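What follows is a single structure, written as structure tokens, with notes after it.
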Amino acid sequence: MRVVSHKKLKDFYETKGREDAREALQRWYDIAEKAEWKSLSDVNITKYQYEFALARIEDLLPLVDDDTPANDSAAVELSVMSEIVIAYEKLHFPIRNYAVPKFAKLPLEEMEMA
């Protein structure tokens, strides 16, 4: 996989208050450069990375709204973190199709919802 900009990663982890991201981003960069991923679903996302992405989403949500430009750094990061969470949850927390139990079906039929 070709990483578009190592400089952007470096700028990020050299920003005051984000120094703790340096080691993880450098490790990710080394892995990503050698990988042959075609999409995010090919990436083996760890529980730690998933939990990190969840925490970042909480930090980023107040910074992004419907009027935020798509190329805004917080909006871009929010999008990437969201994709990581989605990929992890699809694998580890799949939504199964459960049949509606009979006891619940009757009230739904009465309300013309079944």
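Quick look at the values:
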quantity	calculated
Test result for Glu14, of a type in the set (D, E, K, R), loosely packed, with under 14 Cβ neighbours inside 10 Å and modelled with pLDDT under 75	no
Arg56 vs. criteria of a type in the set (Lys, Arg), surrounded by 12 or more Cβ atoms within 10 Å (Cβ to Cβ) and closer than 23 Å to Leu91 by Cβ	yes
Matching entry among Glu36, Glu51 (being assigned to a helix (DSSP H, G or I) and among the charged types (D, E, K, R))	Glu51
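Yes/no matrix, rows are residues, columns are (1) surrounded by 10 or more Cβ atoms within 10 Å (Cβ to Cβ); (2) at pLDDT below 70:
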| site | (1), (2) |
| --- | --- |
| Leu78 | yes, no |
| Ala87 | yes, no |
| Phe93 | no, no |
| Met113 | no, yes |
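The values are calculated or read from the model by the stated rules, or taken from the named source; none is laboratory data. No experiment lies behind these values; they were computed from the predicted model shown. Glycine gets a Cβ as well: all are built from the backbone with ideal geometry, and neighbour counts include every protein chain shown.
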